[in-house]
Amino acid sequence: MKLTMKEIKIIKNRSDIGAGTRGADMGIDAIEIAAINAGSNFFNQYEYVDVPSSNEAVYEKQNTPYGVRIDKVREVCERLSGYVKDTLLENKFPLVLSGDHSSALGTISGIKCAYPTKRLGVVWIDAHADIHSPYTTPSGNIHGMPLAAALADDNMDRKKNQVTSTTFENWEAMKNIGGISPKLLHEDLIYFGVRDTESPEDYTIAKNKIKNYKVEEIRYRGMEVCLAEALEKLANTDFIYISFDVDSMDCDLISKGTGTPVSKGFDQNEVKQIIKGFIASGKVNCLEVVEVNPCLDNKGNLMAETAFDVLNDVTPFIEKVNLK
């Protein structure tokens, strides 16, 4: 098959209702301000689309404690899925900028809806595993659940919550967005930097032998060795989606401008290496950046500035690499 270039299209998804703390809805604007302050015309170079949000749901009374605002999160994921699908079918590369990480289910769904017979690999750069279900979640926040929905894995072996009928119905709908479930195989998921998990997540990761390249392992074994190994693990996939949560970076080194900051993470240069390493394979067909929260930034707008630095570095590389 001849490889062809893909034009980048930015998808701006300002939803933050899947998080426990408000403010990630302003993350995209904070990144754009960072670009302006850096004298960059980055956001004037590319076609873009704004995804309508359902952020008004924060004012509604909640009666689904193990799936907070789950009906509205489902709507957002369904909406985003359509934008991602359409962008891919336009033969363009979706660069998705989202608020909270629950949106990743919408992005994964959109890729699968565009290519239902293709096998998708997921590279999850994050401090958190995000593989809870409503049956195991300690918080009820759906930004901790997108992978469980994509995998259609409720982890009933570690069930501790009794969910409402509303939660059940919406969760089943989320798992079946686009009529495809599961959208992802456990063996086609690879973590980078995960270091803050709960026991039900640890159980799922161990049970399914999901590889997590921790920060210390990468620094000890070497980035090139770990990337080569990870690419080999995803050798049977047709496409790769990269999901970059900025909390994968060290909050003490960068800033606390994200909803759930965790120490001892990557620096931005390591994140760039990871993303570029997978892009070089020619299989990456979507990149998403999530969880910049300028309301929580203890160093001005530094988290957004760092996220833009990563974007500004890897985006030209996407354009240079021939993608399937």
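The values are calculated or read from the model by the stated rules, or taken from the named source; none is laboratory data. If you're wondering where the values come from, they're calculated on a predicted model, not measured in any experiment. When we count neighbours, we look across all protein chains shown, and the Cβ atoms used for this are built from the backbone with ideal geometry, even at glycine.
Working carefully through the options I190, I205, find the one that is part of a helix (DSSP H, G or I), under 27 Å from I274 (Cα atoms) and in contact (Cβ under 8 Å) with a residue 12 or more places away in the chain. Break it down stepwise before answering.
Working: I190 fails: part of a helix (DSSP H, G or I).
Testing whether each residue is part of a helix (DSSP H, G or I), under 27 Å from I274 (Cα atoms) and in contact (Cβ under 8 Å) with a residue 12 or more places away in the chain leaves just I205.
With the condition being touching a residue at least 12 places away in the same chain (Cβ under 8 Å), out of contact with any Asp or Glu (no Cβ under 9 Å at 6 or more places or on another chain) and under 28 Å from K214 (Cβ atoms), I'd like the strands (runs of 3 or more DSSP E) fully within the range 43-162 carrying at least 1 qualifying residues. Give the derivation first.
Values: elements: 47-51, 92-98, 120-125.
The qualifying strands (runs of 3 or more DSSP E) are 120-125.
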Subject >> Selected residue [within 23 Å of C251 (Cβ to Cβ) and modelled with pLDDT of 95 or more] from P146, P116 >> reply: P146
**OP:** Determine whether the range 232-254 contains at least one residue that is at positive phi and either surrounded by fewer than 20 Cβ atoms within 10 Å (Cβ to Cβ) or assigned to a loop (DSSP other than H, G, I, E, B) (or both).
**Re:** no
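For D25, are the conditions met, namely being in contact with a Ser or Thr (Cβ under 8 Å, 6 or more places away or on another chain) and more than 24 Å from V246 (Cα to Cα)? Step through it out loud before you land on a result.
Numbers: in contact with a Ser or Thr (Cβ under 8 Å, 6 or more places away or on another chain): yes; more than 24 Å from V246 (Cα to Cα): no.
Against the criterion (in contact with a Ser or Thr (Cβ under 8 Å, 6 or more places away or on another chain) and more than 24 Å from V246 (Cα to Cα)), D25 does not qualify.
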**OP:** Using the structure shown, decide if S40 is of a type in the set (S, T, Y), buried (at least 24 other Cβ atoms within 10 Å of the Cβ) and at pLDDT 95 or above.
**Re:** no
